[in-house]
Amino acid sequence: MYKILKAEQLAANIYLMDVEAPRVAKHCLPGQFVIVKMDEVGERIPLTICDYDSEKGSVTIVFQPIGASTTKMKDLKAGDYFEDFVGPLGRPSEFTEMDIEELKKKHIVFVAGGVGTAPVYPQLKWLHERGITADAIVGAKTKDLIILEDKLKEVSNLYLTTDDGSYIRKGMGTDVLRDLVEKEGKHYDVCVAIGPMIMMKFVCLLTKELNIPTIVSMNPIMVDGTGMCGACRLLVDGEVKFACVDGPEFDGHKVDFDLAMKRQQMYKSDEGRALLKEQEGDTHHGGCGLCGGDK
Amino acid sequence: MADVLRKVPVREQDPKVRAANFEEVCLGYDEEEAREEATRCINCKNAKCIAGCPVSINIPAFIKETKEGNIEKAYQIISESSALPAVCGRVCPQESQCEGRCIRGIKGEPVSIGKLERFVADWAREHNIKPTPATEKNGHKVAVIGSGPAGLTCAGDLAKLGYDVTIFEALHKEGGVLVYGIPEFRLPKEKVVAAEVENVKSLGVKIETNVIIGKSVTIDELMQEEGFEAVFIGSGAGLPMFMGIPGEQANGVFSANEYLTRNNLMKAFRSDYDTPIAMGKKVAVVGGGNVAMDAARTALRLGAEVHIIYRRSEAELPARVEEVHHAKEEGVIFDLLSNPVEILTDDKDWVTGIRCIRMELGEPDASGRRRPVEVPGSEFEIEVDTVIMSLGTSPNPLISSTTIGLDINRRKCIIADEEYGQTSKEGVFAGGDAVTGAATVILAMGAGKAGAKGIHKFLSEKYKRG
């Protein structure tokens, strides 16, 4: 059992929890993720690591309720327990293995969207602790959905933007990146983009045009997270890769986003759920929690 | 009196009934039937069945006790050699092992050793009989990686020798392939697997779930920081293989591992569990092994019409004859001598069908089986909405890539000697699918025993040297 040390709501539909998991906390590096399972009947949910403290033995997760399990998870409080919490999974970000002096010469920009802001924080923090302060562009639909603003400001040069202009500026993260490069003459050696797949796809289209090598963090459907089930397979440069063991970070210019997005719809999107329901009729008991198949 | 040439028949659920439920197919013997079947054993002096058993159970001895009604004694004899008799009695390929060597089998049917083992193990469980733990602990700590058949066997044997054993399991449940891979209708999870895992724990073995060796902690850390003096790797072969044909990335294409894990481990077939599964109305399972049969029979129980697509003929099906027979009885359709060339999809990338080509058998290849050759121009399509790829698995490189000095071969299998499971790294032993590639439960158990023997020898010699 894994104790929840802290639970708070960060934004309208985004939750943060500190969980006691000493083995995970001790081995975490930026770029990795965990899988949590709330209770016996819960689904295995891959989640972003937002922070970790190896001394306290705690790991911070941030999530957005989507399916049946995450919807129940949001009601857990400090003092409650997760039945299962496993990790760290996936490979750490490439820069964690680079020579620090080399890394210091690089100009890095992060582009984050929505709940994708959470996994960007440990990367920026790791770099900041080593004397590298990167630029971070964080986009949210509206002011209420911005998370971790103060924490990000401590470890990066933060550029915030909202789709509806309700805070700081109006526009997408890609608009900010284009302005920084084209209007302010910024040069970047590498871009790290994390967020919804559609956002990562558009960042990649832009950075290809701007000739900035780009790393993305993929979050496909996953079951075990150790390479066993093959559910998280992606096409990268025409080759099949498993996000859980080969990733989750990949060269964004080589990822087949259109295919990845179609696969993601299988259980997640309204479209996928509707399709499942249509295909399976009454036999679909889903578990997605939203399609009414459980009834 | 029984016909000595024929096995006492075993009761099974009616195929029509069981095709719609996840209850166990084979119902096993009752005591009367078991004692009757036991009388067929002629108690050979030079018992060939023992040599055919990868864990060398004293088969004639346990059958003799069964015949005489001393079932508890029979159980103690089996558990001297095996930690998982209720599992083995259900999923071992007895026809090619113990029963394959039985003298009775020359003229008639061999003694039903598997069903007798199952009876004895089930009886012991129902009567709450446990294996005998070690009388004295020796205080030496050993780590076992993986709680599947290899790991449980190795841990059980070491605990009986007095070692302080901890098993590390990557998933949230103990049992490895016994819980995520083999379906409920062939191997009940709570009644059988959980009970046998409890038996291993009753010997003093600790199990830590949710620990991925190589990620949560490395082998070197276990040995240098956590005080483990030897390690046994029984991590299995979990990476699924795909064909590399067009359409394989479409929605509705699963590896057998994913399909079975969602059902067996995550209980997706039960509406009170959260994990979803795309059930499909028409399902194609590609492959002909035991795992393919398991996936096919699972899909059937979820209400689908199921086709097994296999490129050779029935004679070459790698699955156990009993499994093929059960699948057929339940209504699985076999499309033999057929090989998929493409998975067809709609504009939303969902599976709509599978295009195959007919095959014929040519000359024998390196495996000794006749090689399948494509018949030009014989392509045909089957309309399906789900495809399950069951082409085999290879070992996960997570451990080998994070353990310095651990040698692997070209197929990413860990190199270990057969007698003791010794790897290229001192104090580290390995066995089961991680070493051999995908094989059977009982072969993994044999390797677990070899590993325990190796670790005991290694640590005994080390402490004798002082």
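Over the range A:108-150, how many percent of alpha carbon pairs lie in each 10 Å bin up to the one with the longest distance?
Pairs per bin, as whole percents: 29, 54, 16, 1.
How would you rank B:S96, A:S69, going from fewest to most other Cβ atoms within 10 Å of each one's own Cβ?
Sorted ascending by nearby Cβ count, the order is B:S96, A:S69.
Indicate the gyration tensor shape class of the range B:289-404 (rounded, prolate or oblate), computed on the Cα atoms with a ≥ b ≥ c the square roots of the eigenvalues: a/c under 1.5 is rounded; otherwise a/b larger than b/c is prolate and the rest oblate.
rounded
Normalise the Cα radius of gyration of the range B:335-379 by 2.2 N^0.38 Å (N = residues in it) and let me know the number.
Computed over Cα atoms of the range B:335-379, the ratio equals 1.48.
Scan the range B:18-58 for trypsin sites (Lys or Arg not before Pro) in coil per DSSP, keeping those whose Cβ has at most 13 other Cβ atoms within 10 Å, and list them by number.
Passing sites in the range B:18-58 are B:K45.
How big is the range A:219-266 in terms of Cα radius of gyration and Dmax, in angstroms?
Gyration radius and largest Cα-Cα distance of the range A:219-266: 9.8, 27 Å.
Which of B:F254, B:F228 has the fewest other C-beta atoms within 10 Å, and how do the rest follow up to the most?
In increasing order of surrounding Cβ atoms, one gets B:F228, B:F254.
If you stretched the chain out fully between B:N58 and B:E305, how much longer would it get, using 0.36 nm times the residue separation minus the C-alpha to C-alpha distance?
Answer, rounded to one decimal: 84.6 nm.
Rounded to whole Å and sorted largest first, list the principal axis extents of the Cα atoms in the range B:188-328.
So the three principal-axis extents are 52, 36, 36 Å.
Note down the nm distance, to one decimal, between modelled labels 7 Å out along Cα→Cβ at B:S424 and at A:K104.
About 3.8 nm, to one decimal.
Compute the orientation-averaged projected area for the protein assembly as shown from the convex hull of its Cα atoms and round it to one decimal in nm².
Here the figure is 35.5 nm², rounded to one decimal.
Of B:V25, A:V203, how do they rank once you tally other Cβ atoms within 10 Å and put the fewest first?
Listed from fewest to most nearby Cβ atoms, that is B:V25, A:V203.
Apply the Karplus curve 6.51 cos²θ - 1.76 cosθ + 1.60, θ = phi - 60°, to the phi angles in the range B:30-42 and return the couplings in whole Hz, x for Gly and Pro.
Couplings: 8, 4, 4, 5, 5, 5, 5, 4, 4, 5, 6, 6, 9 Hz.
How much of the DSSP bridge set in the range A:16-168 is antiparallel, in percent, rounded to the nearest 5?
The antiparallel proportion sits near 60 percent.
Under the rule that an exposed site lies in a DSSP loop and has at most 15 other Cβ atoms within 10 Å, name the longest stretch of chain B with no GluC sites (Glu not before Pro) of that kind, not counting the sites themselves.
Looking at chain B, B:227-378 is the longest stretch - no exposed GluC sites (Glu not before Pro) with at most 15 other Cβ atoms within 10 Å.
Along its principal axes, what span do the Cα atoms of the range B:1-88 show, with the longest given first and each in whole Å?
45, 33, 24
Rounded, prolate or oblate, given the Cα gyration tensor of the range A:16-150, with a/c below 1.5 counting as rounded?
oblate
Before anything else, pin down the relative contact order of the range B:208-326: Cα pairs under 8 Å, at least 6 apart, normalised by residue count, whole percent.
Once normalised by length, the contact order is 16 percent.
Would you kindly give the portion of the calculated P(r) for the range A:40-116 that falls above 17 Å, as a percent of all Cα pairs?
Everything past 17 Å amounts to 62 percent.
What percentages make up the Cα-Cα pair-distance distribution of chain A when the bins are 5 Å wide from 0?
1, 5, 11, 16, 19, 18, 14, 9, 4, 2, 1, 0, 0
At what distance in angstrom do the alpha carbon centres of the range B:193-220 and the range A:13-67 lie from each other?
Here the answer is 22 Å between Cα centres.
Beyond 19 Å, what share of the Cα-Cα pairs of the range B:85-186 is found? Please give it as a whole percent.
59
What whole number of Å gives the distance from the Cα centroid of the range A:157-211 to the Cα centroid of the range A:83-116?
18
For a bin width of 5 Å, list the pair-distance distribution of the range B:149-227 built from all Cα-Cα distances, rounded to whole %.
It works out to 3, 15, 22, 24, 20, 10, 4, 2, 0, in whole percents.
For q = 0.06, 0.10, 0.12 Å⁻¹, what log10 I(q)/I(0) does chain B give under the Debye formula with an equal point scatterer on each alpha carbon and no solvent?
Taken in order of the listed q values, log10 I(q)/I(0) reads -0.27, -0.78, -1.10.
Nearest 500 deg cm²/dmol is fine: what mean residue ellipticity at 222 nm does chain A get from its DSSP H runs of n ≥ 4 alone, each adding -39,500 (n - 2.57), divided by its residue count?
-8000 deg cm²/dmol
Just to confirm the filter: which trypsin sites (Lys or Arg not before Pro) across the range B:354-454 are DSSP coil and have at most 16 other Cβ within 10 angstrom of their Cβ?
Answer by residue number: B:R369, B:R410, B:R411, B:K412.
Only the coordinates and a few stated rules stand behind these numbers; no lab work does. Computed from a prediction, not measured in an experiment: that's the story for all the values here. Every residue, glycine among them, receives a Cβ derived from its backbone with ideal geometry; neighbour counts consider all protein chains shown.
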